[in-house]
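Before any comments, here is the structure.
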Amino acid sequence: MAQTTGTTEPADGIRFKRVLLKVSGEALMGQRDYGLDPEVVNRVANEVKAVIQLGVQVSLVIGGGNIFRGVKGAASGMERASADYIGMLATVMNALSMQSALERMGVATRVQSAIPMSSVCEPYIRRRAIRHMEKGRVVIFAAGTGNPFFTTDTAAALRASEMGCDALLKGTQVDGVYTADPKKVKDAQRYERLGYLEVLANDLQVMDASAISLARESHIPILVFSIHTPGAFAEVMQGRGKFTIINEETE
């Protein structure tokens, strides 16, 4: 299948030219207890393809919690640094799986790993990643920041800052940030808009504190939406659908 590449301008009504999408590893499990659900991976890939077709430059960071979580490994007695490195390798597996799904759909994709492994993907090189995106390729950043003690949320905020992204999107299980877990609390209210400091002060658990702080310093808005709602990613790019935006302004 021919792959879609080439520089394009965003379609009319598109709010952002270049974005980074953060998806948790758990979001790719579907109804499984661990691992990947190919149907879910394909669905997320379709969401990314739809946004690429709008002329938006897209990069991704995918977590590894569906395979291994460093924090849980450390809690079971493993050295934290070693556990985190194992978690980083899990993100590479997820990135390669997503790359395969996207390329089956004709979307040109590159995986760049913060831990060099030249046999399977490119090393992370900032200028090369930007060039790939300018050519219409999806870049998937794997292996987190390449350092232990940092989450993939922080890696997402870091890469979004380095790429000069207009927005950081967090694809979650629900359609925004709520006052409580809407799956457990029936009358939980969804926020339309939050400030960075409000998220930190109320410990809303959207992303970890270092990720929120870095996004704030880089003036990158964070948009939280449901990755499982068909067409939601493209709708958010057009300012439609349900999502919560986190930025400096709360009014």
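The values are calculated or read from the model by the stated rules, or taken from the named source; none is laboratory data. All values derive from a computational prediction rather than experimental measurement. With ideal geometry, Cβ positions are generated from the backbone for all residues, glycine too; neighbour counts draw on all protein chains shown.
Tabulated data
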| item | result |
| --- | --- |
| Given (1) without any contact (Cβ under 8 Å) to a residue 60 or more places away in the chain; (2) crowded, with 20+ Cβ neighbours inside 10 Å, number of the condition G146 does not satisfy | (2) |
| Top-ranked residue in the range 116-143 [being assigned to a loop (DSSP other than H, G, I, E, B) and of a type outside the set (G, A, S); ranked as surrounded by the most Cβ atoms within 10 Å (Cβ to Cβ)] | R137 |
| Only one of D203, D208 that is more than 23 Å from V56 (Cα to Cα) and over 20 Å from the mean Cα position of the chain (by Cα) | D203 |
| Subset tally (residues that are of a type in the set (A, V, I, L, M), modelled with pLDDT of 95 or more and part of a helix (DSSP H, G or I)) for the range 45-80 | 5 |
| Total residues in the range 144-184, condition part of a strand (DSSP E or B) and over 29 Å from I115 (Cα atoms) | 1 |
| Some residue of the range 185-207 being part of a loop (DSSP other than H, G, I, E, B), among the acidic types (D, E), more than 18 Å from F16 (Cα to Cα) and in contact (Cβ under 8 Å) with a residue 12 or more places away in the chain | yes |
| Qualifying position, being of a type in the set (G, A, S) and surrounded by 18 or more Cβ atoms within 10 Å (Cβ to Cβ), among S100, S59 | S59 |
| Residue in the range 70-90 that is out of contact with any Cys (no Cβ under 7 Å at 6 or more places or on another chain), surrounded by 14 or more Cβ atoms within 10 Å (Cβ to Cβ) and within 30 Å of G239 (Cβ to Cβ) present | no |
| Hits in the range 169-209 - residues which are surrounded by 17 or more Cβ atoms within 10 Å (Cβ to Cβ) and on the phi > 0 side of the Ramachandran plot | G176 |
| Candidates R127, R110, R131, filtered to the one that is in contact with a His (Cβ under 6 Å, 6 or more places away or on another chain) and without any contact (Cβ under 8 Å) to a residue 40 or more places away in the chain | R110 |
| Top-ranked residue of the range 210-240 - restricted to ones that are under 13 Å from V174 (Cα atoms), free of Cβ contacts under 8 Å to residues at least 60 places away in the same chain and of a type outside the set (F, W, Y), ranked as surrounded by the most Cβ atoms within 10 Å (Cβ to Cβ) | V224 |
| Near pairs, Cβ below 6 angstrom, 6+ apart or cross-chain, from the range 22-35 (touching a residue at least 40 places away in the same chain (Cβ under 8 Å)) to any residue that is in a helix (DSSP H, G or I) | K22/A156; G25/N94; L28/V40; L28/V41 |
| Qualifying positions in the range 180-209 - touching a Lys or Arg at 6+ places or on another chain (Cβ under 8 Å) and closer than 21 Å to V236 by Cβ | P182, R190, Y196, V206, M207 |
